[in-house]
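To keep things clear, I will list the structure first and then write my remarks on it.
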Amino acid sequence: MSYAPDVLAILGWLLAIVIAACLLIAAWPQALGLEQAPVVAQVVSMRIGVVGIALVLAIVFLCFVGWRRVRPFVLGVVSMLLVFALVSGGVHASRGLDDGQTIDGDGGDLVVLTWNTLGDEPGAEEVARIIDETGADVVMLPETTLPLGVGVAELLRERGNPFWVHTTDYSPSYGALNTTLLISAALGEYTTDGSVGGTRTLPTVVARPDDGEGPVLVSTHPVAPVPQQMRNWRADLEFVAGLCDGSSSVVMAGDFNSTLDHWASLGVDGGDLGTCRDAASAVGAGAVGSWPTWAPSWLGAQIDHVVATPDWEPVAARVLTGLDSAGTDHRPVLVQLRRTG
């Protein structure tokens with residue numbers, strides 16, 4: 001008497017259960033509180049890439065459908081892969097794929113631009129040109145040094161568009177350890193607030209209006225979730241969420257090194273990150289990839305964000321896809337916000 005078929009069936013069921021569990025975690029890790037777990041955090045960042053891998057695996061498994069003994073297992077796995085692709089792709093698409101929204105820089109709304117410059121790579125001329133062309137009022141520039149920020153401000157001042165420059169650095173000579181915030185002089189004077197603390201590995205700038213009238217402006221850069229930085233990454237996300245505690249009007253932008261999935265446990269009172277809402281997803285552009293520039297925007301991850309407290313209504317958002325040769329691996333994100341409170 002042979003028990004091989006029974007053993008094969010049991011192994012098949014066990015393997016199918018493992019595959020199903022992995023696909024569930026990859027599709028919606030929030031269900032199990034695993035969105036910030038090692039490996040899972042990286043997988044969920046690139047939803048469309050993982051969907052593509054799942055579809056390729058489905059095709060590979062179908063090559064074995066002719067083997068009668070394993071046909072039920074093969075068809076079961078293919079079904080799970082297809083369901084995963086539909087669910088994860090649907091989650092991605094639900095955040096918005098509109099990459100053609102128009103930003104009105106002359107309408108009186110607040111226009112916010114964020115761009116990780118990878119250590120000043122685009123240069124002052126290019127950054128100033130983008131600010132001029134977009135009508136940005138506030139510019140958050142992770143991995144940007146004070147000299148470049150001053151250079152941009154000087155160019156804009158010569159064109160009749162003066163900006164204040166605020167920079168926080170953990171090492172002035174190393175671009176990645178600098179974060180700069182440019183604020184239009186038309187918004188009044190701001191002072192950097194160092195008392196609130198900061199992100200652990202890469203700096204964050206928090207600036208408060210001297211007259212108390214405008215929003216708190218934050219240029220932030222949580223560290224990337226690489227294996228040796230996972231604890232700091234989680235702490236950084238908790239810190240920036242804490243800035244949106246509802247006590248002040250806040251507009252925050254930068255390279256968050258995280259997607260909406262990673263924020264599942266950090267939103268309060270209907271917000272995505274603390275009480276702050278992600279502007280791009282609110283207007284149907286939250287799935288347009290801002291990183292990396294070598295990947296098409298439909299494939300990349302939107303880890304660069306503009307978020308704001310509920311007294312700011314997102315009007316339009318756009319990832320600027322025409323600057324992929326500027327030298328940095330991030331695309332600029334431009335958002336139009338309207339004050340409601």
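For Rg and Dmax of the Cα atoms in Å, the choices are (1) 23.1, 74; (2) 23.3, 79; (3) 22.6, 91; which was calculated from the structure?
(3)
Do you know the relative contact order of the chain, to the nearest whole percent, from alpha carbon pairs under 8 angstrom that are 6+ apart?
With pairs under 8 Å counted, the relative contact order is 17 percent.
Go ahead and estimate [θ] at 222 nm for the chain from helices alone: -39,500 (n - 2.57) per DSSP H run with n ≥ 4, summed, over the residue count, rounded to 500.
-10500 deg cm²/dmol
How about region 1-65: which chymotrypsin sites (Phe, Trp or Tyr not before Pro) there lie in a loop by DSSP and see at most 12 other Cβ atoms within 10 Å? All intermediate terms of the calculation are to be shown ahead of the outcome.
Numbers: sites: Y3, W13, F61, F64; in loops: Y3, F64.
When the chymotrypsin sites (Phe, Trp or Tyr not before Pro) of region 1-65 are filtered for loop state and at most 12 Cβ neighbours within 10 Å, Y3 remain.
Which FRET efficiency value, to the nearest 0.05, is calculated for S195 and L299 with the Förster distance at 51 angstrom and r the Cβ-Cβ distance? Present the calculation step by step, with values, prior to reporting the outcome.
Details: r = 41 Å, r/R0 = 0.81.
Result of the calculation: an efficiency of 0.80.
Check each of the GluC sites (Glu not before Pro) in region 123-221 and keep only those in coil by DSSP with at most 15 other C-beta atoms within 10 angstrom; list them in order.
E189, E213
In the chain, which cysteines lack any other cysteine Cβ under 4.7 Å from their own?
Result for the chain is C22, C63, no neighbouring Cys Cβ within the cutoff.
Quick one: among D104, D324, D210, which has the greatest mean-square fluctuation in a GNM of the chain with alpha-carbon springs under 10 angstrom?
Of D104, D324, D210, the most mobile in the Gaussian network model is D210.
Which shape class, rounded, prolate or oblate, goes with region 1-106 when its Cα gyration tensor gives a ≥ b ≥ c as root eigenvalues, a/c under 1.5 marks rounded, and past that a/b bigger than b/c marks prolate?
On the way: a/c = 4.21, a/b = 2.23, b/c = 1.88.
Judged from the Cα gyration tensor, region 1-106 comes out prolate (a/c at least 1.5, a/b above b/c).
Quick check: pseudo-label points 7 Å beyond the Cα along Cα→Cβ at L57 and L32, how many nm apart are they?
1.3 nm
Evaluate the distance, in nm, between pseudo-label points positioned 7 Å from the Cα of R159 and of L146 along their respective Cα→Cβ axes.
2.5 nm
Using 1/(1 + (r/R0)^6) with R0 = 35 angstrom and r between the beta carbons of F64 and L97, what's the FRET efficiency to the nearest 0.05?
0.50
Bear in mind that the values in this text are calculations on the coordinates, not laboratory data. Predicted model only: the values in this text are computed from it and were never measured. Note that each Cβ is placed from the backbone with ideal geometry, even for glycine, and that neighbours are counted across all protein chains shown.
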